[in-house]
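The values are calculated or read from the model by the stated rules, or taken from the named source; none is laboratory data. Treat the numbers as computed from the prediction; the structure is a model and nothing was measured. Cβ placement follows ideal geometry from the backbone for every residue including glycine, while neighbour counts extend to all protein chains displayed.
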Amino acid sequence: MKPIASSQTQILTHRTLNTTMTIIDKQHITGLILAGGRGTRMGQVDKGLQPFRGMPMAMHVLLRLSPQVGEVIINANQHLAAYEAFGTQVWPDQLEGFAGPLAGLQTGLAHCETAYLVSAPCDSPFLPLDLVERLSAALLVNDADLAVATTIETEAGIERKQAHPVFSLMKASLLPHLSQFLHNGGRKVDAWYASLKVIEVNFKDTAAFRNINTLNELRDFDA
């Protein structure tokens with residue numbers, strides 16, 4: 001599929017000791033923390049507001065994501081004032097009924113004032129500090145619509161690729177495309193991604209994408 005066009009934006013050349021990467025200027029990227037779920041597996045509590053190592057779990061995500069982008073907004077469907085106390089804009093889903101992460105992405109894109117949007121869930125407090133840098137480099141090199149994080153997981157000695165679909169960087173110009181997909185009844189992230197030019201970016205640190213879904217996991221990782 002031909003990539004969906006986006007507005008012109010500034011790119012930067014980033015050099016390290018061993019590599020040179022062309023990346024998007026972070027001022028052209030808005031970060032979106034997805035906190036709009038019901039928290040069903042955590043007993044119907046608002047996961048992003050659960051205390052974790054001295055602060056709400058979503059605050060850990062904010063502190064790790066904000067240095068990588070120009071600004072951060074939060075998608076939440078309950079306890080909006082508590083999230084606003086983080087010092088960010090907070091927007092509920094435009095669709096009713098807790099319609100899932102695509103509804104959160106639609107909300108983020110609708111309120112994104114930059115050329116790109118990067119998303120991360122509120123229950124992943126260990127997200128990589130080079131998440132945006134690596135996703136943006138891959139998106140530019142491959143002229144993709146969207147870049148998504150993956151890891152290689154090992155179970156019983158067998159390696160398999162694990163996609164992390166809500167850790168993604170996308171062109172803000174995808175909003176009409178996503179809105180039409182949702183209007184037609186689409187709700188699955190993978191199905192929408194299949195209609196785009198997507199590039200996968202492998203990260204070696206599998207623990208960085210660990211999400212905390214239950215109160216037991218919250219207690220275990222808080223120890």
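With the requirement that a residue be aliphatic (A, V, I, L, M) and either free of Cβ contacts under 8 Å to residues at least 24 places away in the same chain or buried (at least 22 other Cβ atoms within 10 Å of the Cβ) (or both), what does region 103-116 give you?
Those that are aliphatic (A, V, I, L, M) and either free of Cβ contacts under 8 Å to residues at least 24 places away in the same chain or buried (at least 22 other Cβ atoms within 10 Å of the Cβ) (or both): ALA103, LEU105, LEU109.
Tally time: how many residues in region 179-206 are touching a strand residue (DSSP E or B) at 6+ places or on another chain (Cβ under 9 Å), in a helix (DSSP H, G or I) and more than 16 Å from ALA147 (Cβ to Cβ)?
Counting residues in region 179-206 that are touching a strand residue (DSSP E or B) at 6+ places or on another chain (Cβ under 9 Å), in a helix (DSSP H, G or I) and more than 16 Å from ALA147 (Cβ to Cβ) gives 1.
Can you pull out every residue in region 61-112 that is β-branched (Val, Ile, Thr) and more than 21 Å from GLN50 (Cα to Cα)?
Listed by number, the residues that qualify are VAL69, THR107.
Would you check which residues across region 69-91 are part of a loop (DSSP other than H, G, I, E, B), under 22 Å from PHE167 (Cβ atoms) and touching a helix residue (DSSP H, G or I) at 6+ places or on another chain (Cβ under 8 Å) and list them?
Step one: list which residues in region 69-91 are part of a loop (DSSP other than H, G, I, E, B), which gives 69-70, 77-79, 85-88.
Add one more test, that the residue is under 22 Å from PHE167 (Cβ atoms), and what stays is 69-70, 77, 86, 88.
Matches in region 69-91: VAL69, GLY70, PHE86, THR88.
Just wondering, is there one or more residues in region 97-112 that are farther than 20 Å from GLY186 by Cα, modelled with pLDDT of 95 or more and either among the hydroxyl-bearing types (Ser, Thr, Tyr) or not in a strand (DSSP E or B) (or both)?
Among the residues of region 97-112, at least one is farther than 20 Å from GLY186 by Cα, modelled with pLDDT of 95 or more and either among the hydroxyl-bearing types (Ser, Thr, Tyr) or not in a strand (DSSP E or B) (or both), which makes the answer yes.
Being within 15 Å of the chain's Cα centre (by Cα) and in a loop (DSSP other than H, G, I, E, B) is the filter here; which residues of region 140-178 pass it?
Scanning region 140-178 gives a single hit, ASP145.
Any idea how many residues of region 43-65 are crowded, with 17+ Cβ neighbours inside 10 Å and within 22 Å of TYR116 (Cβ to Cβ)?
Counting residues in region 43-65 that are crowded, with 17+ Cβ neighbours inside 10 Å and within 22 Å of TYR116 (Cβ to Cβ) gives 5.
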